[in-house]
Every structure is written in C-alpha cells, then in structure tokens.
Amino acid sequence: MTDNNTKLLHHLATAVGLLFLGGWFLLFKHLGVLDWIIGLVPESHAGAGLMLGIALVMLPAFFIWKLYNRWVERRLQIRGIFYEDHYYGKDEDGDER
C-alpha cells in the first residue's frame, strides 16, 4: 500500500470515527438522557448538570474511539508514539525500559 493510499484511508477512517462520536451524542440527546440529567440538578446549576451529562454520555464513546483508532492504525501499519506509552516507560518497540 502506498503512502498516499495509507494517508487517505487513515483520514477516511478518522472521519468515520468522528461521525460515530457525533452520532453517539445525538442519539443520547434524542433519547432524552441529557434532559434527564439536567432534571436531576437544581435549576440554578443546569449548566453544570449539562456538562456532567455530556461527560458521562461521551465517556464510553471516547473509549470506543480509542480502541477504533488503535485498530485502524494497526491495520494500516501506522506506527507512532502514544502519550501513555511514554508515560508508562515503553520504547518504540513496546518493550519496558
């Protein structure tokens, strides 16, 4: 696979992932989960309730996004350094330092 094809496929896969994130948010908004969470907090704190609701709704979506990104990069043989790899002391080969 050429470098240009890999870049194009990676960009398309990223776009699909972003559409998934947007669809996930809209699904839970349509289901009324955000309104339900806002209803649990006092009216004076509705903004904070909405922020908490968005965070809770999107947490599983971002975990799925992470797994999806790793899968796409593995399939397209894209190598890089991830923040957590550096943080936990792994080198480029994935071995412990």
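Multiply the residue separation of A48 and V33 by 0.36 nm, subtract the distance between their alpha-carbon atoms, and state the gained length in nm to one decimal. It would help to have the intermediate numbers written out before the result.
Details: separation 15, 0.36 × 15 = 5.40 nm, distance 1.48 nm.
Additional length available on full extension: 3.9 nm.
Sorted from largest down, what three extents in whole angstroms do the Cα atoms of region 3-78 have along their principal axes?
Principal extents (Cα only, largest first): 54, 17, 16 Å.
None of the figures in this text is laboratory data; all of them are computed from the coordinates on show. In this text, all values refer to a predicted model and were calculated from it rather than measured experimentally.
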